[in-house]
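Worksheet for the structure shown next.
The values are calculated or read from the model by the stated rules, or taken from the named source; none is laboratory data. What you see is a predicted model, and the numbers here were worked out from it, not measured in a lab. Cβ atoms come from the backbone with ideal geometry, glycine included; neighbour counts cover every protein chain shown.
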Amino acid sequence: MIIPSSGRNRDVPAAVQSVIREVDRCWRRLGVPRVLRDPVVADVSADLHAAYGEERTPEMVLGTTVAKFAEQVAQENGWLVAWPMYGRLLASAAVGAVGAIGAGFALVLPSMYLVLAAVGHVVSWAGIDAAGYREGHVDEVVVYAMYALFGVGFVAVVLSAVRRGLRAAVQLRPTLRAGLVLLAVSAAVSVPLAVAIGHASHFSSAPLVVAAEFGLVLGLAAGALIAARVWALRLP
Amino acid sequence: MLRGSLDLCVLAALDQRPSHAYELATRLAEAGLGEVSYGTVYPLITRLRRSALLHEQQQSSPVGPARKIFSLTDTGRAALADWLAQWQRSTRDVEAVLHATGAWVGER
């Protein structure tokens, strides 16, 4: 955002800066590119600055809410269109992914150990051979169920983050609907491939192997989200 | 205010003297459109500029940031003449009806 003539920011009153930041934020949420926003932000800022010099606050000058003003200017500029917003889409998804992975390590893994320990106790209490076939089978089911649960949670958190990040975007609902389907498809493809890489590397924890596994899953997920947005923007 | 009449006032004011948006809003208010704010005028100027009726030019200022000065294009001047003629015609017609029906304040 340009607050006019860089270097003069200290001269722009806080009240004007606050309104200008809010106007710019409204346009950014709509996905209006910076190259279009900046000249208008600078112009409005200059006007509000001049008005402030005449002891007129931005609220008095606008005569309406900041959001309404921003929307009207966006409309008259022809900015209320379906901007792709790929950068914001991926940035929001990345925030969600980091949160989901963090929560996964903090909650899902300890829960899994607790559940497995509980299953072990039940198996011992029931007098079943702990090293026997049944226990191994139950363990597998528990582990896969927890991973599946984590996967569902991951997709939900990522889509929630995208929903928040693109809340003012046109065609958001179709984007989210398509994202749900395509993320599931991408996971169905990428997770077995990542597991195959794990098998092939004897479940190595070498940084390169781990990066390849994460890169595969997250890269395909990012591709799925972009594809979902492209599809949503092509809808009439 | 009647829809479109503010467009006419903006074009007339800018034809009289090119201005930046805030100055224009102030001039319109001082000319009698007290309820018209910058928040109304700025989107309107944006629309008129996109319709190629207005031209914008950056003007540097010794005391503040550079400002956009708006002026009429040739198309804008033609639109002003056209809208002014329409306005005069329609007000004349409405006044004629009001006189004929006795509704005109001066007739009561």
| said: Which residue is nearest to the other protein chains (Cβ to nearest Cβ), if the candidates are limited to the stretch A:26-81 and must be acidic (Asp, Glu) and part of a loop (DSSP other than H, G, I, E, B)? | reply: A:GLU54
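Scan the stretch B:19-31 for residues that are more than 9 Å from chain A (Cβ to nearest Cβ), of a type outside the set (Gly, Ala, Ser) and within 19 Å of A:ALA42 (Cα to Cα) and jot them down. So that I can check it myself, show each step before the final result.
So in the stretch B:19-31, the residues more than 9 Å from chain A (Cβ to nearest Cβ) come out as B:19, B:24, B:27-31.
Then keep just the ones that are of a type outside the set (Gly, Ala, Ser); that gives B:24, B:27-28, B:30.
Once the filter is applied, which keeps residues that are more than 9 Å from chain A (Cβ to nearest Cβ), of a type outside the set (Gly, Ala, Ser) and within 19 Å of A:ALA42 (Cα to Cα), the stretch B:19-31 yields only B:LEU24.
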| task | Being assigned by TED's automatic domain parsing to the domain that holds A:VAL230, modelled with pLDDT under 95 and among the hydrophobic types (A, V, I, L, M, F, W, C) narrows it down to one of A:ALA97, A:ALA15, A:ALA46, A:ALA42, so name that one. | result | A:ALA97
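Those residues that are polar (S, T, N, Q) and free of Cβ contacts under 8 Å to residues at least 12 places away in the same chain, I need them from the stretch A:161-207; list them, please.
Going residue by residue through the stretch A:161-207, those that are polar (S, T, N, Q) are A:171, A:175, A:186, A:190, A:201, A:204-205.
Across the stretch A:161-207, the qualifying residues are A:SER201, A:SER204, A:SER205.
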| What residue, of B:THR101, B:THR40, is surrounded by 19 or more Cβ atoms within 10 Å (Cβ to Cβ), over 16 Å from B:GLN16 (Cα atoms) and of a type in the set (S, T, N, Q)? | B:THR40
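Mind counting the residues in the stretch A:156-190 that are among the β-branched types (Val, Ile, Thr), surrounded by fewer than 20 Cβ atoms within 10 Å (Cβ to Cβ) and closer than 17 Å to A:GLY96 by Cα?
Restricting attention to the stretch A:156-190, the residues satisfying the condition of being among the β-branched types (Val, Ile, Thr) are A:157-158, A:162, A:170, A:175, A:181, A:185, A:189.
Checking the rest, the ones that are also surrounded by fewer than 20 Cβ atoms within 10 Å (Cβ to Cβ) come to A:170, A:181, A:185, A:189.
The next check asks that each one be closer than 17 Å to A:GLY96 by Cα; those that pass are none.
Residues flagged as among the β-branched types (Val, Ile, Thr), surrounded by fewer than 20 Cβ atoms within 10 Å (Cβ to Cβ) and closer than 17 Å to A:GLY96 by Cα within the stretch A:156-190 amount to 0.
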| query | Which condition does B:LEU8 not pass, out of (1) more than 9 Å from every other protein chain (Cβ to nearest Cβ); (2) surrounded by fewer than 14 Cβ atoms within 10 Å (Cβ to Cβ), if it passes all the others? | reply | (2)
| query | What number of residues in the stretch A:189-236 are in a loop (DSSP other than H, G, I, E, B) and either among the hydroxyl-bearing types (Ser, Thr, Tyr) or closer than 16 Å to A:LEU166 by Cβ (or both)? | reply | 4
| Within the stretch B:45-88, can you find the residues that are of a type in the set (D, E, K, R), exposed (fewer than 14 other Cβ atoms within 10 Å of the Cβ) and within 14 Å of chain A (Cβ to nearest Cβ)? | B:ARG50
| said: Just to be sure before I move on: is B:GLY34 crowded, with 16+ Cβ neighbours inside 10 Å and either within 13 Å of another protein chain (Cβ to nearest Cβ) or modelled with pLDDT of 90 or more (or both) in the structure I sent? | reply: no
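A quick yes/no check of all residues on (1) without any contact (Cβ under 8 Å) to a residue 60 or more places away in the chain; (2) assigned to a helix (DSSP H, G or I); (3) touching a Phe, Trp or Tyr at 6+ places or on another chain (Cβ under 8 Å):
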position	(1), (2), (3)
B:ALA25	yes, yes, yes
B:ALA29	yes, yes, no
B:GLU35	yes, no, no
B:GLY39	yes, yes, yes
B:LEU44	yes, yes, no
B:ARG47	yes, yes, no
B:ALA52	yes, no, no
B:GLN58	yes, no, no
